[in-house]
Amino acid sequence: MSDKLTKTPGFYDESRFARRVMLLDLGFLGDSIHLLPALRILRQAYPEAELHVMVSEHVTKIMEVAPWVDKVWGYPRFPRGPKWYQDFGRIRRLRAANFDAVINLNGSDRSSILTGLSGARWRLGRRPEDGGPAFWSTMFTHIVEHPYKTELISTQRWHCLKKAGFPGAQPEVHPEIPEAARRSVREKAGGAGGWIHISPFTTEDYKELPPGQIAEVLDQLHRRFPGEKIILTCSGHVREKTKMSALLAALNFQPWRVFAGELDLLELAALLQSSRLHLGGDSGGLHVAWMTGVPTVTWFRRYDGLPDWQPVGDRYRSVIGERTSEGLTDIRTPQIMAMAEDLLKASG
């Protein structure tokens, strides 16, 4: 690679006295949560700088767990993003903010263009897996390269920053959930914590357990751990609320609490932080659980991007099935129950 723009060392050395810095990423909830360690690195590396972050508009609230970020920018991506020409005003606002450094570690075309046109003196990008379009390299003053689909996305970002010269060990995530959210959850959930939390649904049927199996898992949890308080949550979307009603009708017990869209992101984080265990599919609930450090049992579909999102370590268990239109197959309920029992015993 002869292009001088592929040279990554020196970004931090050149920009270390930046006064205004932005981490720009337009991903959804999981992407935004996995930005938190990178934001912690930037806060430590630029202690006197004004630190900004840009994430998808509908998940900006989760950034309140990082009060050391000075400003959060929302980008309208849900239910669909803007046309390219609708970004002109946003680009003007970026340029008017006079950023010294803008960092983009996901490599998407739109985020790369926003970075390139931000007017920042130093612009760090991560080369896309496919190399990106012909113009991609011109958007950045420094480019970092690191393999995709090899490890958790937050760890990949840490490696990218290390390659760009940023100091420090890989940080742990310590979300600062506002007291108002914690108090609200204590009132709504009827206690101080110790729950088993289940997020039974995802954005797509093929990422979920079939309806009969998720009901079986819940009934077995209740029979095996009758003293545990089981809480179910889902989003407020009609699809998930409809599925929740059908699931509740199929159960042989009444869960302790059911929240079908009544919790905001910070309340969900507070609920999970006070739970003993989280069970669910590859969804936002898993990423919130990872952020708060609660043990998890997760069912995934088999696909090549799985390492990006599959937590590893003593607190995390995973089962992997095959995708079908009716849900995941080749996952046995006894597998899930054994993993849940191990984690509950470990948590006391």
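The values are calculated or read from the model by the stated rules, or taken from the named source; none is laboratory data. In this text the structure is predicted, and so the values were computed from the model without any measurement. Cβ placement follows ideal geometry from the backbone for every residue including glycine, while neighbour counts extend to all protein chains displayed.
Considering only residues in the range 228-245 that are part of a helix (DSSP H, G or I) and β-branched (V, I, T), the one that is farthest from the chain's Cα centre (by Cα) turns out to be T242.
Given the residues D109, D13, D100, which is the only one that is in contact (Cβ under 8 Å) with a residue 40 or more places away in the chain and either surrounded by 13 or more Cβ atoms within 10 Å (Cβ to Cβ) or of a type in the set (A, V, I, L, M) (or both)?
Testing whether each residue is in contact (Cβ under 8 Å) with a residue 40 or more places away in the chain and either surrounded by 13 or more Cβ atoms within 10 Å (Cβ to Cβ) or of a type in the set (A, V, I, L, M) (or both) leaves just D100.
Being surrounded by 15 or more Cβ atoms within 10 Å (Cβ to Cβ) and in the same structural domain as G190 (by TED's automatic domain parsing) holds for only one residue in V294, V312, and it is V294. I need the full set of residues from the range 98-132 which are within 21 Å of the chain's Cα centre (by Cα), of a type in the set (D, E) and part of a loop (DSSP other than H, G, I, E, B), in order please. Matches in the range 98-132: E129 only.
Within the range 200-224, if we keep just the residues that are among the β-branched types (V, I, T) and buried (at least 17 other Cβ atoms within 10 Å of the Cβ), the residue that is farthest from K241 (Cα to Cα) turns out to be V217.
Checking the condition at pLDDT 95 or above and in contact with a strand residue (DSSP E or B) (Cβ under 6 Å, 6 or more places away or on another chain), which residue from W309, W299 passes? Every option except W299 fails the conditions.
Test L94 against the criterion of being among the aliphatic types (A, V, I, L, M), in contact with a His (Cβ under 6 Å, 6 or more places away or on another chain) and not in a loop (DSSP other than H, G, I, E, B), and give yes or no. Spelling it out, it is not the case that L94 is among the aliphatic types (A, V, I, L, M), in contact with a His (Cβ under 6 Å, 6 or more places away or on another chain) and not in a loop (DSSP other than H, G, I, E, B). For the range 187-199, the set of residues classified as within 12 Å of R257 (Cα to Cα), surrounded by 13 or more Cβ atoms within 10 Å (Cβ to Cβ) and modelled with pLDDT of 95 or more consists of K188, A189, W195, I196, H197, I198, listed by residue number. Please give the number of the condition M139 fails out of (1) closer than 27 Å to T292 by Cα; (2) not assigned by TED's automatic domain parsing to the domain that holds R276. So M139 meets the others, but not (1). Across the range 69-97, the qualifying residues are those that are modelled with pLDDT of 85 or more and within 18 Å of the chain's Cα centre (by Cα), and the one among them that is surrounded by the most Cβ atoms within 10 Å (Cβ to Cβ) is Y75.
The set of residues in the range 211-231 that are under 16 Å from V258 (Cα atoms) and acidic (D, E) comprises D219, E228.
Taking W122, is it touching a residue at least 60 places away in the same chain (Cβ under 8 Å) and under 30 Å from A270 (Cβ atoms)? Before the answer, list the steps.
Values: touching a residue at least 60 places away in the same chain (Cβ under 8 Å): yes; under 30 Å from A270 (Cβ atoms): no.
Taking the combined requirement at face value, the residue does not satisfy it.
Of the residues making up the range 260-281, those that are over 17 Å from A340 (Cβ atoms) and either modelled with pLDDT under 95 or among the hydroxyl-bearing types (S, T, Y) (or both) number 1. The residue of the range 229-266 that is farthest from G284 (Cα to Cα), among those that are in contact (Cβ under 8 Å) with a residue 24 or more places away in the chain and among the β-branched types (V, I, T), is I230. Of all the listed residues (L23, L42), the sole one being in a helix (DSSP H, G or I), under 27 Å from I177 (Cβ atoms) and in contact (Cβ under 8 Å) with a residue 12 or more places away in the chain is L42.
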